[in-house]
Amino acid sequence: MLTCKELAALVTDYLEGRQSFLERMRFELHLGMCRHCRAYLQQMRTTIDTLGNLPEESIPPEMSKQLLDRFRDWKR
Amino acid sequence: MTVAQAQTTNGIASTDERALVNRLLAGDEAAFTYVVERYHGPLIRFALLFVATRAVAEEVVQDTWVAVLHGLPAFEGRSALKSWIFGILANRAKTRAVREKRTIAFSELSAPGDEDEPAVDPDRFTSAGGWSAPPGRWEQDTPEKLLLHRESLAVIEKAMAALPASQRAVVTLRDVEGLDAAEVCNVLDVSETNQRVLLHRGRSKVRAALERYMAES
Ligand SMILES: [Zn+2]
């Protein structure tokens with residue numbers, strides 16, 4: 001039986017699909033019985049989803065214009 | 001960019017991408033502006049992983065756009081446009097980092113160190129390996145809720161900044177920019193196993209920072 005500590009160390013392997021069938025079974029068996037580890041996995045997922053939604057800075061208009069000039073030169 | 005306009009994994013679909021590249025090659029200015037606006041922010045973020053100042057990062061990104069234009073006729077679409085552009089930037093930024101003597105920070109890419117760096121503070125577990133201080137349910141439990149608060153955004157940025165350079169690079173490309181594992185290995189020239197170790201350590205620390213913040217607020 002996997003311990004909570006061991007499960008926490010395997011979360012990325014699990015999310016990356018890098019486990020064998022048996023390893024995955026063991027992982028999911030523990031998850032099914034342990035709400036703390038379910039909470040932990042949920043926190044990891046929220047963290048990852050949030051990182052994927054960070055606001056992105058936009059390009060300064062003058063740089064955009066400069067690059068467009070370059071593009072026009074390149075076209076010729 | 002707002003949360004609602006979040007980037008999709010791997011950018012746009014490849015048929016659309018091919019069409020986009022064709023429009024660029026045909027000199028379509030609207031297509032060029034679209035690409036520049038879409039990738040400028042991510043490129044600046046990525047360049048800042050390698051170089052020390054914002055001014056240098058902007059310079060490297062400008063150079064990258066010029067190189068993209070030069071390379072475009074030969075772009076074969078074997079990789080996604082985004083990871084192709086990131087690859088060009090990585091080469092330029094690394095050259096720049098060598099000149100600035102900042103490459104040591106990235107030695108971890110080839111050797112993440114085998115010293116045990118646990119994802120969770122060992123004190124949170126009993127000697128039997130069960131949780132003694134179990135994680136709870138976060139009040140802000142979705143990206144939308146988290147990013148609504150300027151404090152949580154600052155917590156994430158701070159946690160990212162505190163990561164070792166190689167962990168920050170992998171987490172940025174994988175989790176922030178949505179490249180897949182193979183693309184990150186290619187762009188950063190890192191092995192699949194090391195990529196996964198660095199990703200695990202980096203994102204675990206960001207989670208821990210958010211958990212501390214959630215416990216305080
Ligand atoms: Zn557990």
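The values are calculated or read from the model by the stated rules, or taken from the named source; none is laboratory data. As the structure is a computational prediction, the values presented were derived from the model and not from experiment. Backbone-built Cβ (ideal geometry, glycine too); neighbour counts: all protein chains shown.
Taking the range A:26-51, which residues are within 7 Å of chain B (Cβ to nearest Cβ) and either over 24 Å from B:GLN140 (Cα atoms) or among the charged types (D, E, K, R) (or both)?
Of everything in the range A:26-51, just one residue is within 7 Å of chain B (Cβ to nearest Cβ) and either over 24 Å from B:GLN140 (Cα atoms) or among the charged types (D, E, K, R) (or both), namely A:ASP49.
Would you check which residues across the range B:183-197 are without any contact (Cβ under 8 Å) to a residue 60 or more places away in the chain, within 14 Å of the chain's Cα centre (by Cα) and either over 20 Å from B:ALA119 (Cα atoms) or surrounded by fewer than 17 Cβ atoms within 10 Å (Cβ to Cβ) (or both) and list them?
B:VAL184, B:CYS185 - these are the residues of the range B:183-197 that are without any contact (Cβ under 8 Å) to a residue 60 or more places away in the chain, within 14 Å of the chain's Cα centre (by Cα) and either over 20 Å from B:ALA119 (Cα atoms) or surrounded by fewer than 17 Cβ atoms within 10 Å (Cβ to Cβ) (or both).
List the number of the failed condition for A:LEU54; all other conditions in (1) within 12 Å of the ligand (Cβ to nearest atom); (2) facing another protein chain (nearest Cβ under 7 Å) hold.
(1)
Are there helices (runs of 4 or more DSSP H) fully within the range B:102-217 with at least 1 residues that are over 26 Å from A:GLY17 (Cβ atoms) and not hydrophobic (A, V, I, L, M, F, W, C)? List them.
Correct list: B:143-147, B:150-162, B:192-216.
Modelled with pLDDT of 90 or more, under 22 Å from B:SER217 (Cβ atoms) and either more than 16 Å from the ligand (Cβ to nearest atom) or in the same structural domain as B:LEU198 (by TED's automatic domain parsing) (or both), is that true of B:ALA67?
Spelling it out, it is not the case that B:ALA67 is modelled with pLDDT of 90 or more, under 22 Å from B:SER217 (Cβ atoms) and either more than 16 Å from the ligand (Cβ to nearest atom) or in the same structural domain as B:LEU198 (by TED's automatic domain parsing) (or both).
Anything in the range A:6-33 that is surrounded by 19 or more Cβ atoms within 10 Å (Cβ to Cβ) and within 13 Å of the ligand (Cβ to nearest atom)? List them, or say none.
Correct list: A:LEU7, A:ALA8, A:LEU10, A:VAL11, A:PHE27.
Filtering the range B:6-20 down to residues that are modelled with pLDDT of 75 or more and more than 24 Å from A:GLU62 (Cα to Cα), which residue is farthest from the chain's Cα centre (by Cα)?
Checking each candidate, the answer is B:ALA19.
Could you list all residues from the range A:34-43 that are near the ligand (Cβ under 8 Å from one of its atoms) and small (Gly, Ala, Ser)?
Those that are near the ligand (Cβ under 8 Å from one of its atoms) and small (Gly, Ala, Ser): none in the range A:34-43.
Can you pull out the residues in the range B:171-194 that are more than 10 Å from chain A (Cβ to nearest Cβ) and not acidic (Asp, Glu)?
B:LEU173, B:LEU179, B:ALA182, B:VAL184, B:CYS185, B:ASN186, B:VAL187, B:LEU188, B:VAL190, B:SER191, B:ASN194
Inspect all residues belonging to the range B:138-151 and state whether any of them is modelled with pLDDT under 95 and within 16 Å of the ligand (Cβ to nearest atom).
No - not one qualifying residue is present in the range B:138-151.
Filter the range B:137-156 down to the residues that are surrounded by 13 or more Cβ atoms within 10 Å (Cβ to Cβ) and without any contact (Cβ under 8 Å) to a residue 40 or more places away in the chain, then identify the one that is farthest from the other protein chains (Cβ to nearest Cβ).
B:HIS149
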